[in-house]
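K.L.:
Sending over a structure as structure tokens; questions will come in a sec.
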Amino acid sequence: MIQKTRVMLYVDDVELICQFFVEKIGATLTETIELPEEFQSVVVTISKELELGIFPKVFIQKFSPEVLGPPPSLVFFTDQFEEIYENMEEPGEIMENNGVLTFNFSDPEGNYFVIGKSESS
């Protein structure tokens, strides 16, 4: 059984996007990974089941260009829906999708994600 998932995000500014997820979503910086040629990536923990591996696009372009593409479409479900909504600078409108309250938001580089309200909240 899979116990944890790490989604890879390729960004222009690793530090900026890491800081965004820590400050706005409540993620925890759990690891800094030294890469070839003085590049670094970071791992932020979103929950005990989900991590984001944040890599510089220039590194991916140089070493693994075949995987460089648009960011994945991610929905984060949370029991802190209202708190996260209030913490965002420009969240999208709260909408109901298939009986679940959601809103979208973008990171500082314009990548969009969605927050869904957990049933337990």
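The values are calculated or read from the model by the stated rules, or taken from the named source; none is laboratory data. Predicted, not measured: the structure shown is a model, and the values here were computed from it. Cβ: placed from backbone, ideal geometry, glycine included. Neighbour counts: every protein chain shown. When the accessible area is computed, the model is the full protein with side chains, heavy atoms only, and any ligands, DNA or RNA have been set aside. Shrake-Rupley method; radii C 1.70, N 1.55, O 1.52, S 1.80 Å.
K.L.:
For the range 69-89, give me the residue count where each residue is open to solvent by 80 Å² or more (accessible area, probe 1.4 Å), in contact (Cβ under 8 Å) with a residue 40 or more places away in the chain and either assigned to a helix (DSSP H, G or I) or on the phi > 0 side of the Ramachandran plot (or both).
P.N.:
0
K.L.:
Can you tell me which residue in the range 1-25 is most open to solvent (accessible area, probe 1.4 Å), limited to those that are of a type outside the set (Phe, Trp, Tyr) and in a strand (DSSP E or B)? Lay out the reasoning, then the answer.
P.N.:
Step one: filter the range 1-25 for residues of a type outside the set (Phe, Trp, Tyr), giving 1-9, 11-19, 22-25.
Those left that are additionally in a strand (DSSP E or B): 5-9, 11.
Details: Thr5: 68, Arg6: 103, Val7: 27, Met8: 73, Leu9: 6, Val11: 3 Å².
Taking the candidates together, the pick is Arg6.
K.L.:
Right, another one. Take the residues in the range 26-58 that are of a type in the set (A, V, I, L, M, F, W, C) and open to solvent by less than 20 Å² (accessible area, probe 1.4 Å), then tell me which one is farthest from Val7 (Cα to Cα).
P.N.:
Among those that are of a type in the set (A, V, I, L, M, F, W, C) and open to solvent by less than 20 Å² (accessible area, probe 1.4 Å), it is Ala27.
K.L.:
Please specify each residue of the range 90-110 satisfying the condition of being part of a loop (DSSP other than H, G, I, E, B) and either open to solvent by 30 Å² or more (accessible area, probe 1.4 Å) or hydrophobic (A, V, I, L, M, F, W, C) (or both).
P.N.:
Selection gives Glu90, Pro91, Glu93, Ile94, Asn98, Gly99, Pro108, Glu109, Gly110.
K.L.:
Going by what's in this entry, would Glu96 be described as farther than 23 Å from Thr5 by Cα and of a type in the set (Asp, Glu)?
P.N.:
Criteria met by Glu96.
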